[in-house]
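The block underneath contains the structure these notes are about, expressed in structure tokens.
A short reminder: the numbers here are calculations on the coordinates, not readings from a lab. Being a predicted model, the structure only gives us computed values, none of them experimental. So basically every Cβ, Gly included, is an ideal-geometry build from the backbone, and we count neighbours across all protein chains shown.
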Amino acid sequence: MMVLKTLKVRGFRAYTEEKEFTFDNPAIFLFGENHRGKSSTLNAIEWCVFGNECIGEKTMIPERKHWEIPNRNIQPPIVLVEVELKDKETGDELTITRKWVSARKNELKVILRDGELLRGEEAQEKLAQLLKSSFRDFLTTVYQHQEAIRAILTQDPRERNEAIDRLLGLSDYRNILRGIEVAKLGTEQRKMGGGFDNFVGAIDAVLRSRENDLKDKRVKAVEKGLKKDRLCEKGALGIASEVKDQLLKFASEVNLSLAELQVPEQWRDLNGFQGTADGEIKRFRSEMPDVKKQEDLFKRSAKITALKEKYKQKEKDWNIIKNEFDVKEKETKKLLEEQKEVVNKINEKEKQLSEASAKGAVITKARDYLRLEGIDKNICPVCETKKPDLLDQVEKKWTEKYEKLVGVVQDELNDFKNRQSEIKIWFREYDAVKRSFEDAYKAVGQVKKEIGEALGREITGEDDPDAILSNALKQVDKKLEELEKAVKSKQENLDEITSSLGKMQLIVDILSLEEKKRIVEQIQQSSEYLRLEELKDQMAMMVDDIEKIKEAISEASREAAEQRVSAAGRVIDNYFHRIANNPSISKIAFTLKVDSRGLNSYVFEDQNGRDITPILSQGDLNALALSIFLGMAHSEGTNQPFGFVMLDDPSQSLGAEHKEKLVEVLDEVLDERMVILSSMDKELQDLALSKITKAKTKYTFSDWTPEKGPEVK
């Protein structure tokens with residue numbers, strides 16, 4: 001795609017002195033107030049490329065009806081515009097220079113990449129061949145004129161349909177159909193000659209286009225090694241027969257069956273043959289035995305590798321837990337003996353404590369009794385024997401013997417019980433480690449079993465599974481290496497067959513273009529065409545023919561519209577949602593209908609199939625217009641050779657949120673296209689400068705004077 005490189009402009013509309021612009025970044029901004037020369041800068045680019053095609057009534061832009069090219073303040077007028085374009089893919093450069101001579105005449109020069117200089121009609125034809133774009137296409141997908149899309153903002157369906165046709169580059173169809181509809185045969189009879197001449201010119205243009213396409217295809221055929229005598233139906237069918245034989249031979253070599261593949265009797269049926277052949281080649285690539293073996297070996301290699309890693313991990317886990325278990329088991333043997341001792345000690349101390357406690361209880365009760373009031377302190381309450389200082393003796397015996405003995409025995413008993421609890425905890429830990437050890441051992445055994453099943457052999461305790469798996473993996477790799485050579489050879493055979501199919505398709509394309517060219521040539525030689533030439537004054541006899549032409553044009557318009565709407569519809573929906581952000585519309589369907597007059601009628605429906613235009617604000621309608629333009633600019637269906645878009649004051653009627661979303665969309669468009677944005681809107685300028693993520697060049701248009709034109713920095 002061609003992008004702008006430089007622009008030189010002098011004497012064109014707002015300009016007096018020569019100004020030069022460099023387009024060295026993806027985003028180019030032209031900022032300034034109204035009447036400072038921004039639009040003239042964009043107009044200079046389109047005028048340099050398309051000349052008088054962008055002037056006058058035929059543009060269908062009312063403001064262009066009396067458009068003036070030269071600046072009024074330069075006498076004599078000197079108008080010179082030079083545009084340098086560069087092909088993004090090839091790096092080829094193209095310089096276009098246009099000089100204004102008069103209202104009806106201008107001089108065109110084209111400099112090609114090799115320095116060849118072309119002038120006049122030769123330059124015009126070469127430019128048309130290189131750019132393959134009309135001014136109408138340029139308006140559709142490159143230059144967003146506010147004049148060109150303003151009618152999209154109307155609520156009147158007729159005006160809106162006309163505007164969308166114009167935006168889609170289909171206004172010529174609509175104009176012809178409406179002209180036929182409103183024509184008065186008597187009045188328009190005199191104009192028929194001119195219309196017929198236009199028809200002749202259109203046919204000549206189609207023939208030139210077909211011839212150029214044929215030339216390109218024939219060059220490609222030579223590059224692919226096809227001789228001239230094979231560029232015919234016999235050659236195409238011959239290649240098809242060769243392809244069939246090659247596929248049969250290949251199928252036999254790889255023990256596969258070939259689907260029924262019938263070589264047709266005429267080239268027009270070769271598309272079906274190619275589809276079947278392509279499908280068989282694809283099937284052979286995936287189903288031939290060597291490929292199947294490869295797939296099986298890859299799976300086996302992956303399984304062996306996984307088992308190898310799994311075994312190493314399980315063995316590692318088992319060794320770790322085994323070491324811990326060995327330590328625990330050794331200590332446990334010691335603790336078993338200690339446990340018996342502790343149990344005996346506990347029994348012994350509990351017995352001592354029981355005896356001491358029993359005697360201590362008797363002494364305690366006797367002491368308590370003797371302490372009562374009115375009791376003889378010297379008579380034993382048990383045997384009633386009288387003993388001097390009995391209470392003192394009882395209290396002394398309790399304090400010195402039983403109270404201390406019970407405490408000591410109790411402390412010893414507590415110590416043994418605590419040790420017994422510690423031993424129990426140890427045994428629980430030992431049991432847990434033992435279970436883990438047994439589980440890990442089983443896991444290793446299970447992996448060995450899986451290895452044995454995978455390798456088809458028994459893995460004994462004397463085997464090294466890791467080494468066995470490594471050897472098996474080497475064997476698989478060796479077989480894969482051997483198979484790779486065989487598969488590569490067969491794939492190369494299929495590549496050769498695919499190449500033959502490509503040559504066959506190239507011949508089919510040439511034959512198709514030749515047939516389309518013959519159809520157009522037959523129109524020139526047809527009796528209807530000759531009668532039109534001879535009987536221009538007999539309008540009544542042509543009504544039926546005109547009606548047929550009307551139907552054909554309507555069908556062509558519908559097909560072109562469907563193609564472009566289909567190609568751009570999803571992008572338009574995406575851009576509209578992002579720019580408008582209307583919460584009541586979750587989906588926008590851009591659909592086409594044909595009215596009773598054969599004219600295209602466009603409907604924008606919401607998610608419920610209802611027309612959305614009645615509920616759209618002025619800003620939403622402008623967002624819709626911009627979405628259509630940017631969607632068409634970004635759509636492959638337009639076959640657009642230009643790699644840039646130009647937007648002239650796109651923020652009319654847009655609110656702050658609209659503008660922010662528009663800038664986000666433009667940042668996305670910049671991934672594929674250079675964007676030249678002209679605006680007086682300060683808010684849009686700030687958003688573009690802050691939110692556009694691509695490299696930017698900003699030109700500021702300030703003062704404009706009749707003598708010097710715009711001041712540009």
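Assorted remarks:
- Extension gain from residue 265 to residue 337, taking 0.36 nm per residue of separation minus the Cα-Cα distance: 15.8 nm
- Residue 645 long-range amide H proximity, modeled H, under 5 Å: 674, 675, 676
- For residue 30, distant residues with modelled amide H under 5 Å away: 677, 678, 679, 699
- The overall shape of region 578-713, judged from the alpha-carbon gyration tensor, is prolate: a/c is not under 1.5, and a/b is greater than b/c.
- Added length on full extension, which subtracts the Cα-Cα distance from 0.36 nm per residue, residue 372 to residue 57: 99.6 nm
- Under 5 Å, built H, 5+ apart or other chain: amide partners of residue 594: 601
- FRET efficiency for the pair residue 392 and residue 412, taken as 1/(1 + (r/R0)^6) with r the Cβ-Cβ distance and R0 = 30 Å, rounds to 0.50.
- Here's the picture: charge each Lys and Arg Cβ at +1 and each Asp and Glu Cβ at -1 in region 210-332, and of 231, 273, 304 the one pushed furthest to the positive end of that dipole is 231.
- Between region 485-517 and region 284-333, the Cα center-to-center distance that results, in Å: 48 Å
- Between helix 543-580 and the chain: long-axis angle, C-alpha atoms, 0 to 90°, nearest 10: 30 degrees
- Chain lengthening between residue 477 and residue 159 when straightened (0.36 nm per residue, less Cα-Cα): 107.3 nm
- Couplings 3J(HN,Hα) for region 225-236, derived from phi with the Karplus relation 6.51 cos²θ - 1.76 cosθ + 1.60 (θ = phi - 60°), are x, 7, 7, 4, 5, 9, 7, 8, 4, 4, x, 5 Hz, where x marks Gly and Pro.
- Cα gyration tensor category, rounded, prolate or oblate, for the chain with a/c compared to 1.5: prolate
- Ordering 256, 552, 510 by Cα displacement along the dipole of the chain toward the positive end leaves 256 in first place; charges were set at the Cβ atoms of Lys, Arg (+1) and Asp, Glu (-1).
- With bins 5 Å wide beginning at 0, the percent of Cα pairs of region 292-463 falling in each bin runs 1, 7, 10, 9, 8, 7, 6, 6, 5, 5, 5, 5, 4, 4, 4, 3, 3, 3, 2, 1, 1, 1, 0, 0.
- Pairs from 19/99; 38/659; 349/377 whose Cα-Cα separation, in the structure shown, is over 25 Å: 349/377
- Note, ³J(HN,Hα) from phi for region 506-523, Karplus 6.51, -1.76, 1.60, rounded to Hz, x at Gly and Pro: 4, 5, 4, 4, 4, 4, 5, 5, 5, 5, 5, 5, 5, 4, 5, 5, 5, 4
- In order along region 266-274, the Karplus-derived 3J(HN,Hα) couplings, from 6.51 cos²θ - 1.76 cosθ + 1.60 at θ = phi - 60°, round to 9, 5, 4, 9, 6, 4, x, 4, 5 Hz, and Gly and Pro are given as x.
- Ordering 212, 689, 709 by Cα displacement along the dipole of the chain toward the positive end leaves 689 in first place; charges were set at the Cβ atoms of Lys, Arg (+1) and Asp, Glu (-1).
- Ordering of 198-204, 706-712 by burial proxy (mean other Cβ atoms within 10 Å per residue, highest first): 706-712, 198-204
- With 26 Å as the limit on Cα-Cα distance, the pairs of 86/516; 58/698; 8/708; 316/340; 215/516 that go past it are 86/516; 58/698; 316/340.
- Exposure proxy ranking, count of Cβ atoms within 10 Å, fewest first, for 499, 554, 134, 651: 499, 134, 554, 651
- Alpha carbon centroid spacing (whole Å) that separates region 52-80 from region 416-483: 91 Å
- Placing +1 on the Cβ of every Lys and Arg and -1 on the Cβ of every Asp and Glu, with no other charges, gives region 420-488 a dipole of roughly 160 debye about its Cα centre.
- Principal-axis tilt of helix 157-167 within the chain, Cα atoms, nearest 10 degrees: 90 degrees
- Taken along the Cα-to-beta-carbon direction at a fixed 7 Å, the label points for residue 233 and residue 93 span 5.0 nm.
- Of all lysines in the structure, the ones whose alpha carbon falls short of 23 Å from that of residue 282, not counting any fewer than 8 places away in one chain, are 224, 244, 249, 292, 293, 299, 485, 488, 490, 503.
- Over region 417-540, the ratio between the Cα radius of gyration and 2.2 N^0.38 Å evaluates to 3.02.
- Charging the Cβ of each Asp and Glu at -1 and of each Lys and Arg at +1, and nothing else, the dipole of region 292-463 about its Cα centre rounds to 760 debye.
- Its Cα centre serving as origin, the chain has a Cβ charge dipole (Lys and Arg +1, Asp and Glu -1) of approximately 1040 debye.
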